[in-house]
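All remarks here apply to the structure that follows.
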Amino acid sequence: MSERDYAPLSIACVRGLCDKIYDKRKFAGVEIEKMVKDFNDAKNTSQIKRLIRVLGQDLMSSTNPNVKNGALMGLSSVAVGLGKGCIEYLPELIHPIVACFSEGESRVRYQAAEALFNVLKIARGAALAHFPLVFDALARLAADPEQQVKQGAELLDRLVKDIVTESQTFDLSSFIPMLRERIYTRNAFARQFIVSWVSVLDAVPDIDLIVHLPELLDGLFKMLDDANPEIRRMCDVQLNEFLRSIKKDPSRVDFQAMINILITHAQSPEEMLQLTAITWIKEFVELAGASMLPYASGVLCAVLPSLAYHDEPRKSIRETAATVNFQLTKLVVSASESPPREVGDEGAEAEGDGGEGRLNLDAVVAVLTQMLHHGSVYTKVAALDWILHLYNKLPSEMFLQTDKLFVSVVGSLTDGADDVVRRSLAVLAEICSCSPHANIAPGDLESSPYYYKFLQALLRLLAADDNLLEDRGAFIIRQLCILLNAEDIYKALSKILLEEKNLRFVATMVDVLNTILLTSAELYDLRLQLRNFNKPATHSLFTSLYQCWCHSPVSLLALCLLTHNYTHCNELISTFGDLEITVDFLTEVDKLVQLIESPIFAYMRLELLGGAQAAELRGALYGVLMLLPQTDAFHLLRNRLQCAPLHPARHQTSTNETPIAIDFAALLVDFKRVQAAHRDYKLLDRSRPKLLDKGYS
């Protein structure tokens, strides 16, 4: 090309500018700087534009790195020569320089960083009009593989940050999408670059970054599990700064826009990430209060499994999760505890998505039901505590959710942990006591659609699992009698067992119920009621139990002993000779003797000394003695009877005793009928293997 093609540059200047030796390029740059000053003083804008075009287009189009470096030096010199006047030519100066950041030659990228530094240092705030282009260039340079380029980029980055922070016109709203677009990068240097920008902007008092935090939070949390410890540290520091700002002025914070992001990260397997997210959730629930209730299902998904952690590294996660769980529970209040709403709130609630601060009960119940199948006792207990709390605070709403919960809660009765079983029974008792209609009194178990359904389900569980019946049956019944009325429980179970076809299970269940009735502290009041056999209600209870107790002769005998019906005891014992006396039967008689010797039957032993029924009692006990082989129990009972007088004193019968309106003869007929059914059942059971082995004809 001729000198005319490079005008106003001379051929010598162009050669110097494009020389590979830096000093020659620098000398040519000084010449261009002087030339530009002269043009500017003369207001010769056409020559300035011509010069920039030669540098930014003609020379920059060369594929030779030295020529490109010369062009960059020239553009930098033009800016220096123009001083503040360069503002009028910023697009023509910045665009060709930024284009060089994509060059394959690292020397060109470095010279481009230096050239842009010189231009921006002069233009300062005026360059913000081209900020998107500059920031994009900085983001690319931050991830540059060459260390020298990185160093140049760092100087340029600091300058741009200074320009942004000192400016009163920086458009933060336009910048946030640029940050969000790059915040998900996996490159370590690019991540450091992004976090540094967030940190710088957050430190500027006049820049309100908190309102834009929902757009950045997810990306920042993702960086917390970076393999680079420095990136994790930077990110952790910045997130702590944001949390401090949120706690200082929560009125500016859009909690709802960020809570789901936190819920997602609170379920991360990475400890630091999980702890940070749960810590943020804790602060959100504390600061935002009831407005977090619509997100309760997600929060519970995150925190309830964390209660299972018991290793030392994750102790903080567990403790923070427990705090969140407690805080969230306190936000659920009954209608009577809720603060009065302003006029118009009802309409707003109806129009909104469930209303401000309204619990999404469907979602919460779904999560809690899922948690009942978790592997941790602590998680299951927390879920059951939640369900119980919801029934206490929102009984009408929860009644409609019962079908979704019922099977899972009943299934929890098979859990190996006592605490889970206790909580499950407490929930089931609450379900049975929960009234669906205002005209039905709470606690009216007979009116509950779930009362018999629950007891039937419980008996099915016990019938299906001998180990559960043996290990947990008594424990479950005792707990149930604490939670609900023991008399009602016994009457209902007796009624259900009368319909049961599996007679062996019925007999076993009666033995369990009888042992609980005679020995458990929880059944003391019911035991006392049956002992004081002088009220029509007690007679009715006795009759209903008798019909079920017929399935176990020894348990029935014990019931009659408890209720002072000694004459009938003798009648019962007289029929025992017709029964099949098995080892199990004798074992039950042995247990009865042990009970007779226990403190529970102390009142009965004293009746051997005298009274209207002393002779009948003595006869009944001798009948028991005759049933026993000469074992330890035989000798124990015989020694007891030998201590009693042969002719006990007789006392006058009180005239105030209520006549017993019980048809004992009919009851005895029932007993014989039931025992006959047991004989048939055993015969069928014994013959069943032979029937199965026989081929069809």
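Taken across region 58-72, residues that are open to solvent by 70 Å² or more (accessible area, probe 1.4 Å), among the basic types (K, R) and in a helix (DSSP H, G or I) do not occur at all. Whether a residue is closer than 25 Å to R233 by Cβ, open to solvent by less than 50 Å² (accessible area, probe 1.4 Å) and among the small types (G, A, S) was assessed, and A188 passes this test.
Of all residues in region 263-285, those satisfying the criterion of being assigned to a loop (DSSP other than H, G, I, E, B) and touching a helix residue (DSSP H, G or I) at 6+ places or on another chain (Cβ under 6 Å) are A266, Q267, S268, E270. Considering region 69-87 alone, what residues qualify as being touching a residue at least 40 places away in the same chain (Cβ under 8 Å) and touching a Leu at 6+ places or on another chain (Cβ under 8 Å)? Within region 69-87, G70, A71, M73, G74, L75, V78, A79 qualify. Test R180 against the criterion of being without any contact (Cβ under 8 Å) to a residue 24 or more places away in the chain and open to solvent by 50 Å² or more (accessible area, probe 1.4 Å), and give yes or no. Taking the combined requirement at face value, the residue does not satisfy it.
Conditions (1) in a loop (DSSP other than H, G, I, E, B); (2) open to solvent by less than 20 Å² (accessible area, probe 1.4 Å); (3) within 24 Å of M223 (Cα to Cα); (4) modelled with pLDDT of 95 or more, marked per residue:
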{"position": "I261", "(1), (2), (3), (4)": "no, no, yes, yes"}
{"position": "M292", "(1), (2), (3), (4)": "no, yes, no, yes"}
{"position": "S297", "(1), (2), (3), (4)": "no, no, no, yes"}
{"position": "S306", "(1), (2), (3), (4)": "no, yes, yes, yes"}
{"position": "A348", "(1), (2), (3), (4)": "no, no, no, no"}
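R109 falls short on exactly one of the conditions (1) within 20 Å of F135 (Cα to Cα); (2) part of a loop (DSSP other than H, G, I, E, B); (3) basic (K, R), and that condition is (2). Scanning region 17-50 for residues that are open to solvent by less than 30 Å² (accessible area, probe 1.4 Å) and either without any contact (Cβ under 8 Å) to a residue 40 or more places away in the chain or touching a strand residue (DSSP E or B) at 6+ places or on another chain (Cβ under 8 Å) (or both) yields no hits at all. Residues in region 668-685 that are within 51 Å of the chain's Cα centre (by Cα) and among the charged types (D, E, K, R) were compared, and the one that is modelled with the lowest pLDDT is D685.
Within region 116-159, being open to solvent by less than 30 Å² (accessible area, probe 1.4 Å), under 26 Å from D206 (Cβ atoms) and of a type in the set (D, E, K, R) holds for one residue alone: D157.
Taken as a whole, region 506-529 holds no residue that is surrounded by fewer than 19 Cβ atoms within 10 Å (Cβ to Cβ), touching a residue at least 40 places away in the same chain (Cβ under 8 Å), aromatic (F, W, Y) and out of contact with any Leu (no Cβ under 7 Å at 6 or more places or on another chain). Checked against (1) of a type outside the set (S, T, Y); (2) touching a residue at least 24 places away in the same chain (Cβ under 8 Å); (3) more than 21 Å from E33 (Cα to Cα), G104 passes all but condition (2).
Scan region 528-566 residue by residue and report those that are over 23 Å from G611 (Cβ atoms) and not in a helix (DSSP H, G or I). Of everything in region 528-566, those that are over 23 Å from G611 (Cβ atoms) and not in a helix (DSSP H, G or I) turn out to be C550, H551, S552. Among the residues of region 165-177, those identified as in a helix (DSSP H, G or I) and buried (at least 17 other Cβ atoms within 10 Å of the Cβ) are F175, I176.
Figure legend. Inter-residue proximity from region 51-62: first residues over 17 Å from E103 (Cβ atoms), second residues assigned to a loop (DSSP other than H, G, I, E, B) and small (G, A, S), beta-carbon distance below 8 Å, spacing 6+ or different chains. Indicated pairs: V54/A7. Do we have D162 as among the acidic types (D, E), open to solvent by less than 30 Å² (accessible area, probe 1.4 Å) and either in a helix (DSSP H, G or I) or at pLDDT below 95 (or both) here? So D162 fails the test. One residue stands out among those in region 275-333 that are closer than 22 Å to K247 by Cβ and among the basic types (K, R): the one that is nearest to the chain's Cα centre (by Cα), which is K282. Residues in region 84-95 that are of a type outside the set (K, R) and either in a loop (DSSP other than H, G, I, E, B) or over 56 Å from the mean Cα position of the chain (by Cα) (or both): G85, C86, I87, E88, Y89, L90, E92, L93.
Among the residues that make up region 175-197, is at least one of them touching a Phe, Trp or Tyr at 6+ places or on another chain (Cβ under 9 Å) and under 30 Å from L82 (Cα atoms)? The answer is yes, given that some residue of region 175-197 is touching a Phe, Trp or Tyr at 6+ places or on another chain (Cβ under 9 Å) and under 30 Å from L82 (Cα atoms). Considering (1) farther than 28 Å from F131 by Cβ; (2) surrounded by fewer than 23 Cβ atoms within 10 Å (Cβ to Cβ), the lone condition that V54 does not fulfil carries the number (1). When the residues of region 364-398 are filtered to those that are open to solvent by 30 Å² or more (accessible area, probe 1.4 Å) and among the small types (G, A, S), the one that is farthest from the chain's Cα centre (by Cα) is S396.
Taking every residue in region 604-629 that is touching a residue at least 40 places away in the same chain (Cβ under 8 Å) and farther than 12 Å from Y566 by Cα and pairing it with any residue that is of a type in the set (F, W, Y) and buried (at least 16 other Cβ atoms within 10 Å of the Cβ), at least 6 positions away or on another chain, the pairs with Cβ-Cβ distances below 7 Å are L627/F576; L628/F634. Restricting attention to region 608-628, the residues that are open to solvent by 60 Å² or more (accessible area, probe 1.4 Å) and within 21 Å of D584 (Cα to Cα) add up to 2. As a summary of the residue check, A203 satisfies the conditions (1) of a type in the set (G, A, S); (2) out of contact with any helix residue (DSSP H, G or I) (no Cβ under 7 Å at 6 or more places or on another chain); (3) under 21 Å from L141 (Cα atoms) except for the one numbered (3).
Run D578 past the list (1) under 25 Å from V674 (Cα atoms); (2) in a helix (DSSP H, G or I) and report the number of the one that doesn't hold. The single condition D578 does not satisfy is (2). Kindly establish whether A633 is surrounded by 12 or more Cβ atoms within 10 Å (Cβ to Cβ), modelled with pLDDT under 95 and either farther than 23 Å from H539 by Cβ or in contact with a Gly (Cβ under 9 Å, 6 or more places away or on another chain) (or both). Answer is yes for this residue.
The values are calculated or read from the model by the stated rules, or taken from the named source; none is laboratory data. These numbers come from a predicted model, not from an experiment. Here the Cβ is made from the backbone with ideal geometry for all residues, glycine too, and neighbour counts use every protein chain on show. Calculation scope for accessible area: heavy atoms of the full protein, side chains included, ligands and nucleic acids excluded. Shrake-Rupley method; radii C 1.70, N 1.55, O 1.52, S 1.80 Å.
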